[in-house]
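Presented below is the structure to which this report refers.
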Amino acid sequence: MKRHLVARLSIGLAAALLGASALAQPITWWEHSNPPHNNYSKELIADWNAKNPKTPVQYEFFAMTPYFQKLTAALSTRSAADMFTVIDTLMPSYTTKNTLAPIHPEWLGYKNLDDMKTHYLPGSLDGYIYQGKLYGVPMIAAVFSLYINRKHFIEAGLDPDKDYPRTWDDIGRIGKKLVKMDGSKMTREAFDFAMHSSTWTMWYFNSIIRQYGGEVLDASGKKCTANSEAGVNAMKVRAMFVQEKISDPTVSFATNALPADDLPKGQVSMFITHAGSVAQFGPEVMKDLKVVPYPQVNPQKPVSPVYGFALAVNPQIPEAKQKLVHDLIKFVVKDPKGWYEKTAYPYPASNFLTLPGIEDARKTRYLDVFMQDIRGGRFVQRSPQILEINEAIHRAMERVVLKGENPKASLDQGCKEIDTALAQP
Amino acid sequence: MQSVGPGTLASERRWAVWPGRMSIRSRLRWAGFFFVLPALLHLLIFKFYPLLEAFRLSFYRYDLMSPPVFTGLANYQALWDNPLFHQSFWVSVKYMLGVSVPEWFLALGLALLLNRAMPGRSVIRLAYFFPIAMSQIVVAMVWKFMYHPHGLVNTLLEVFGVGRINWLSTEETALASLIAIGIWRGIPLFGVIYLAGLQSIPKDYYEAAMMDGAGPVRRFIHITIPLLLPTILFVMVISLLSAVKVFLNPLVMTGGGPNGTTKVLPYYIYQTGFAYFRMGEAAAASMVLFVLVFVLTLILLRLLRQGDVK
Amino acid sequence: MSKKQLIRWGGWSITLLTILGIGVTLLPYFWMVSSSLKTGQEVFELPIRWIPRDLQWVNFPAALSRGSFGIYFANSGIVSVLVTAANVLFCSLAGYGLAKFRFPLRDFCFRTILCTLMLPLEIVLVPTFLVVQQLGMVNSLTGIIVPLAVDAFGIFLMRQYIRDLPDSLIEAARLDGCSEFGIFWRIILPNCKPALGALALLSFRDSWDQFLWPFIIASNDALKTFPLGLAQMEGIDSTAYHEIMALAVIGMIPMAILFLFFQRAFVRGIALSGLKE
């Protein structure tokens, strides 16, 4: 009797499993590596899988830097995931080559694209629109702001709540009081820029040149204008801190693998990094830090760098599956507060600041500051050759900062390289 | 029955006189081919065919996502016109020679050293060959830290009164710093190969020479070097070919900088293809790299005629 | 200076150089191990502390918990063992064929094989991927292993070594009626131990080290190898160097064990191969 029961149960179980797997249509999702972000994604997926056992999600994440190369290789060999996360700066590289499926706002529950835009912060979808169609659904709106070390300010006789810098000149002025030297060795930098990535260099440079009223590329996107007066001024800002001896000239790609290592360690008093650092530093470190708005040339006309990550759909999968992926996207972005709490990145929803429960974060996690910067924020200019442009500017910056080369000469050289790149068909 | 003479050639000749033995001769020859076949097939499929594909692609414009478009020599023209490519080319040449040539001598020195009977030889050998075991990512990270302005190298230099140098961020020193790592990693490997070669030189030659009154230097010049020549050639060629492929260190440690002074050709190629989506141009650059290495190898093989096709 | 004094000076400088050399060689290891036992802050402290304040053994389990490192190590093990075995077998076969036989296509084979040494994988990444895709091996361990199974370097190494083996051994075996493959298996291979040991060691290290190829081929977490896991440790903003070093120490253990193992065989092999001809 017992044996029969066991046999029947096992057959039943096997049949159920077989049946489930026969009907299961997994959806694959690729992301870049970022621990708080990945953990939240996994939570969402566990939830989705419980509710949709027939269409489980297979989630994979990859080391950040090679992730996009892997994506490119996979797209070119038609072996990419059904859904993948992309960064906004690379959107043109993909959209101009038809490697992303257009997003259908109707499948996400909106009437059309304009309707969808009203649900997002003004301008926050622009980075993902190409020729009138949307190609990515953002779930993160990242912005750069200035983090200062309270303790260092107080030690130097400054009030971190009143005396924090608003302009680049302020940083220079205040910085002189914060820097610490041991003979000729700088033991504590007052301020520094990250040097580890040409993308970060562009985020800084792009915002500063706009603060001076210029642009890196002209309106057609085919000519470099970074060596204009605005560009030279922007580069001078960059070089200023080394010259004024509040940044350590020996800090560079080779010494600082990742930027925000120095800030939590107290080796630099003021540093620009993005909103997600709040989660990555943790509450202990954040006790000593304060976030203030991104430094400006003219605080009346603020410009700050924003970027974001969005979910995109693989155009090579059949339409029915694309619809299913849209359901998944809707599911993933349904809880802006959840995204914010887990990743500390603001979410670009238009009603974000008024969501229930957000007030606390506004007080304790500087959300107001980040949102202010987002409102003044602008995406880096769109160009399929963005990576080459970044590289040219980065090299120009290296020449100026590490070698003391003249900014105009350096930018002229950079523009030459950029024009060559843009001349490609 | 003829006796077995030294060397296949002689015996082959003898057997050729006897028509009945022809089958053995061909059996011998074709056996050799079949031994090589599995490896050859594998390399043809997974290395040679992709190489040909890359050659073909160098005449197309290909961004990995749209179909390739034939453009003839446009890619090569673009490379020729691009100063960044020229810079990368010479960086590679400097790196290749900078790493290989010292390796040839230092590795030999190491092998000679370790070939002597001395107390604790096995321990010393172990210590010297250990870097072979270290994975390249770890090497990159460890050395990056050692080259830090406040890192180990500078600390030691300060002890000797020399000032601090920003090794990886100064244009003049960045490449040399990477070359030093390449040599550090290569010496144990080639030392092992030299050592095996040294060990296979029969002792009697040395004994005979010593009885003739030849000193260590003369023994080295007249016995060691000539008999070691195939190994030397091998090390020379392999060290060049290994040095040409390096790209992880510049990628992780300097990002190709400062100002492109460490952007070796493989890095340039990878960036052009995968970051800038100009796969055709990347393929063209890789053909240039290939020709460079091919020519260098040919020169080496010619210069030291011995030991190649024999 | 008299000749004797020269020799004495020479001896001393050689000893000094040896010690310095060992120092230079081993110092990075020391730093690696030392860093793996420090806290994140301590790693970059200057001046450098060689002995950490408190030994942070916790780094090891902490690092391992950051990803499915058990799986990654297992995969790396499988890949490396199989690649090494295939490499040793096929390269010694081919090396023997090139060293001791003359056949019409020999030069062609030699040159083709030489050519394949001259291009790094990064260049031929996409065409190679396409080949693997057509063979249906994408996203599988087979796809990682098979393209790495033969490396031309090994062929040349074995050829180099086998060439020095005396032909008389081979002739004698042939006269005894031994089959060609039997000669290879029973005469050649046993006499190649040092070269085989070196090749095995290097194959293992290179396949253990591979990053780019497994990265492109493997999409599932369950297929990742150790270097991929290590690379993932690099976060967007900060890197736990102390944990990375802990992982690196763990990752070195298989290599270190293999090295010690083959070192003995290497030395023994050399002692045995006293070729008196």
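At a glance:
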{"item": "Lone qualifier among B:LEU229, B:LEU301, B:LEU292 - being at pLDDT 85 or above, under 20 Å from the mean Cα position of the chain (by Cα) and open to solvent by 10 Å² or more (accessible area, probe 1.4 Å)", "result": "B:LEU292"}
{"item": "Single unsatisfied condition, A:SER277 versus (1) within 14 Å of chain B (Cβ to nearest Cβ); (2) under 24 Å from C:HIS242 (Cα atoms); (3) within 19 Å of the chain's Cα centre (by Cα)", "result": "(1)"}
{"item": "Residue match in the range C:56-69 (condition: at the interface with another protein chain (Cβ under 9 Å from one of its Cβ atoms), crowded, with 18+ Cβ neighbours inside 10 Å, within 25 Å of the chain's Cα centre (by Cα) and part of a helix (DSSP H, G or I))", "result": "no"}
{"item": "Helices (runs of 4 or more DSSP H) enclosed by the range C:76-178 - at least 3 residues per element that are buried (at least 17 other Cβ atoms within 10 Å of the Cβ), touching a Leu at 6+ places or on another chain (Cβ under 7 Å) and not polar (S, T, N, Q)", "result": "C:106-116, C:152-163"}
{"item": "Failed criterion for C:LYS276 (all others in (1) at pLDDT below 80; (2) more than 10 Å from chain B (Cβ to nearest Cβ); (3) within 30 Å of C:LEU196 (Cβ to Cβ) hold)", "result": "(2)"}
{"item": "Matching residues in the range C:179-193 - criterion: being in a helix (DSSP H, G or I) and either over 16 Å from C:MET158 (Cα atoms) or without any contact (Cβ under 8 Å) to a residue 24 or more places away in the chain (or both)", "result": "C:GLU180, C:PHE181, C:GLY182, C:ILE183, C:TRP185, C:ARG186, C:ILE187, C:PRO190"}
{"item": "Candidate set: the range A:182-215, residues that are within 14 Å of chain B (Cβ to nearest Cβ) and in a strand (DSSP E or B); chosen: the one most open to solvent (accessible area, probe 1.4 Å)", "result": "A:ASP182"}
{"item": "Flag if A:VAL86 is closer than 24 Å to A:PRO346 by Cβ and within 14 Å of chain B (Cβ to nearest Cβ)", "result": "yes"}
{"item": "Count of the range C:148-165 residues which are at pLDDT 90 or above and more than 15 Å from the chain's Cα centre (by Cα)", "result": "0"}
{"item": "Of all residues making up the range A:254-263, the number that are part of a loop (DSSP other than H, G, I, E, B), surrounded by fewer than 24 Cβ atoms within 10 Å (Cβ to Cβ) and modelled with pLDDT of 60 or more", "result": "2"}
{"item": "Looking only at the range A:153-173, and only at residues there that are within 28 Å of the chain's Cα centre (by Cα) and assigned to a helix (DSSP H, G or I), the one that is surrounded by the fewest Cβ atoms within 10 Å (Cβ to Cβ)", "result": "A:ASP169"}
{"item": "So B:LEU84, is it at pLDDT 90 or above, open to solvent by 30 Å² or more (accessible area, probe 1.4 Å) and either under 30 Å from A:ARG78 (Cβ atoms) or part of a helix (DSSP H, G or I) (or both)", "result": "yes"}
{"item": "Residue in the range B:263-274 that is away from chain C (no Cβ under 12 Å) and either surrounded by fewer than 24 Cβ atoms within 10 Å (Cβ to Cβ) or in contact with a Lys or Arg (Cβ under 6 Å, 6 or more places away or on another chain) (or both) present", "result": "no"}
{"item": "Residues of the range B:178-196 satisfying the condition of being buried (at least 24 other Cβ atoms within 10 Å of the Cβ) and among the small types (Gly, Ala, Ser)", "result": "B:GLY186, B:GLY191"}
{"item": "Any hit, the range B:150-160, residues being touching a Lys or Arg at 6+ places or on another chain (Cβ under 6 Å) and more than 30 Å from C:PHE262 (Cβ to Cβ)", "result": "yes"}
{"item": "Checklist (1) closer than 23 Å to A:TRP29 by Cα; (2) touching a residue at least 60 places away in the same chain (Cβ under 8 Å); (3) touching a helix residue (DSSP H, G or I) at 6+ places or on another chain (Cβ under 6 Å) applied to A:ALA142, failing item", "result": "(3)"}
{"item": "Residue identified as over 21 Å from the mean Cα position of the chain (by Cα) and among the hydroxyl-bearing types (Ser, Thr, Tyr) among A:THR85, A:THR77, A:THR95, A:THR65", "result": "A:THR77"}
{"item": "The range A:216-251: number of residues that are assigned to a helix (DSSP H, G or I), β-branched (Val, Ile, Thr) and under 26 Å from A:THR187 (Cβ atoms)", "result": "2"}
{"item": "Qualifying helices (runs of 4 or more DSSP H) (wholly inside the range A:361-425; at least 2 residues being within 14 Å of chain B (Cβ to nearest Cβ) and modelled with pLDDT of 90 or more)", "result": "A:386-403, A:407-422"}
{"item": "Any chance B:ARG125 is more than 14 Å from chain A (Cβ to nearest Cβ), open to solvent by 30 Å² or more (accessible area, probe 1.4 Å), closer than 25 Å to C:PRO254 by Cβ and under 23 Å from the mean Cα position of the chain (by Cα)", "result": "no"}
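For every residue, the table says whether it meets (1) of a type in the set (Ser, Thr, Tyr); (2) within 7 Å of another protein chain (Cβ to nearest Cβ); (3) open to solvent by 20 Å² or more (accessible area, probe 1.4 Å).
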site	(1), (2), (3)
B:VAL101	no, no, yes
B:PHE105	no, no, yes
B:LEU110	no, no, no
B:LEU114	no, no, no
B:GLY120	no, no, yes
B:PHE130	no, yes, yes
B:VAL153	no, no, yes
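The values are calculated or read from the model by the stated rules, or taken from the named source; none is laboratory data. Please read these numbers as outputs of a predicted model, since none were measured by experiment. For neighbour counting, all protein chains shown are included, and Cβ atoms are generated from backbone atoms with ideal geometry for every residue, glycine included. Each accessible area value is taken on the protein alone, full model and side chains, heavy atoms only, with ligands, DNA and RNA left out. Shrake-Rupley method; radii C 1.70, N 1.55, O 1.52, S 1.80 Å.
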